[in-house]
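In what follows, a structure is listed as C-alpha cells, so that the remarks can point back to it.
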Ligand SMILES: Nc1ncnc2c1ncn2[C@@H]1O[C@H](COP(=O)(O)OP(=O)(O)OP(=O)(O)O)[C@@H](O)[C@H]1O
Ligand SMILES: [Mg+2]
C-alpha cells in the first residue's frame, strides 16, 4: 500500500451493497463522499441501515459489491482496515460494544497504547482527553459500573484519545441528559474533525452538522425535507418566564 495520501475526499463509497447472511440487501448500490471539514448528519428510520453503513466503512462488515476509498486509498484487505481504524474513530451505538477495560483510564489509554505510544504518552493523552470532556474524576471508575450516559461520554474519550481525523458517531446522544447534551454539542463544535453523526434528533444535528442526509431504499441522499422552524414546547414551570440554554 502506498504511504502517500490524498486529502479529498476523505471517505468515498462507490456502488456499495451489503446484505446480512440470508437477508435482502440493507445497502444497495450506495455511493457517498465525505470531504475534509464536512460535518454530515444522518437521520433515517430505525432499521434503514445507518449502523450497517458505519460498520461497512470500518471494515466490521464486508461488502459484497462496490469500492471503498479512504484518504484516496483503495481499502480491500483487513490490513487496509486496520489502517482505517487508526484514522477514523467510530462511536458505537451501544457503549457496551466499545468499553472493555477494567477502569476508565485503562480504556481511554488502550487506543494510544495499541497505536504504539509509550505508557507515559498514552496516559498523558488520556488524561488530557478526560479533562477536556470534564471526566478527570472518572479515571479510576470501574467501567462496567458506569451509567448509560457516563459510558457514552467515556466511549467518546476512548475515540478522541486516538486523535482521529474523522469521527463516525452512532447516536451519541443516547442516554444523555440535557446538560450533557449541551456539553457534547460544545465539544463537537470545538474540535477540528470531519464527521458523520447519526441521530434521530434533528435539533441536535442542526446544532452540530452542516448537511443532513437520509437513507432510502438502501441508498443515501441529501434530506431535502429538513427545514428550520419554530414550535411550541412543554415542560414543568413553563409558565414562569425563563430562557433556554
Ligand atoms: N446481525 C444482523 N443480522 C441480520 N440482520 C441484521 C443484523 N444487524 C442488523 N440487521 C438488520 O439490518 C437492518 C439495518 O440495521 P441497522 O442496525 O443498520 O439499522 P439502523 O438504521 O442503524 O437502525 P436504528 O435506528 O434502530 O439503530 C435492519 O433491518 C436490521 O434488522
Ligand atoms: Mg443503528
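The values are calculated or read from the model by the stated rules, or taken from the named source; none is laboratory data. In this text the structure is predicted, and so the values were computed from the model without any measurement. Neighbour counts run over all protein chains shown; Cβ positions are idealised from the backbone, glycine included.
Numerical summary
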quantity	calculated
Count of residues meeting criterion [under 23 Å from residue 163 (Cβ atoms), within 16 Å of ligand 2 (Cβ to nearest atom) and in contact (Cβ under 8 Å) with a residue 40 or more places away in the chain] in the range 50-93	7
Unmet criterion (only one of (1) within 13 Å of ligand 1 (Cβ to nearest atom); (2) surrounded by 20 or more Cβ atoms within 10 Å (Cβ to Cβ); (3) over 17 Å from residue 197 (Cβ atoms)) for residue 68	(1)
Residue ID - nearest to ligand 1 (Cβ to nearest atom), chosen from residues in the range 53-62 that are surrounded by fewer than 20 Cβ atoms within 10 Å (Cβ to Cβ) and either assigned to a loop (DSSP other than H, G, I, E, B) or more than 12 Å from the chain's Cα centre (by Cα) (or both)	61
Residue check for residue 177: on the phi < 0 side of the Ramachandran plot, in contact (Cβ under 8 Å) with a residue 12 or more places away in the chain and within 16 Å of ligand 1 (Cβ to nearest atom)	no
Which listed residue, of 131, 155, 126, is surrounded by fewer than 17 Cβ atoms within 10 Å (Cβ to Cβ) and assigned to a helix (DSSP H, G or I)	131
The range 71-101 - residue that is part of a loop (DSSP other than H, G, I, E, B) and within 16 Å of ligand 1 (Cβ to nearest atom) and, of those, farthest from residue 20 (Cα to Cα)	98
Residue in the range 37-45 that is within 16 Å of ligand 1 (Cβ to nearest atom), modelled with pLDDT under 95 and outside any helix (DSSP H, G or I) present	no
Tally, over the range 165-209, of residues that are in a loop (DSSP other than H, G, I, E, B), touching a strand residue (DSSP E or B) at 6+ places or on another chain (Cβ under 6 Å) and either closer than 17 Å to residue 151 by Cβ or modelled with pLDDT of 95 or more (or both)	3
Only listed residue being out of contact with any strand residue (DSSP E or B) (no Cβ under 7 Å at 6 or more places or on another chain) and surrounded by fewer than 18 Cβ atoms within 10 Å (Cβ to Cβ), chosen from 102, 21, 112	21
Flag if residue 47 is without any contact (Cβ under 8 Å) to a residue 40 or more places away in the chain, within 16 Å of ligand 2 (Cβ to nearest atom) and either more than 20 Å from the chain's Cα centre (by Cα) or exposed (fewer than 14 other Cβ atoms within 10 Å of the Cβ) (or both)	yes
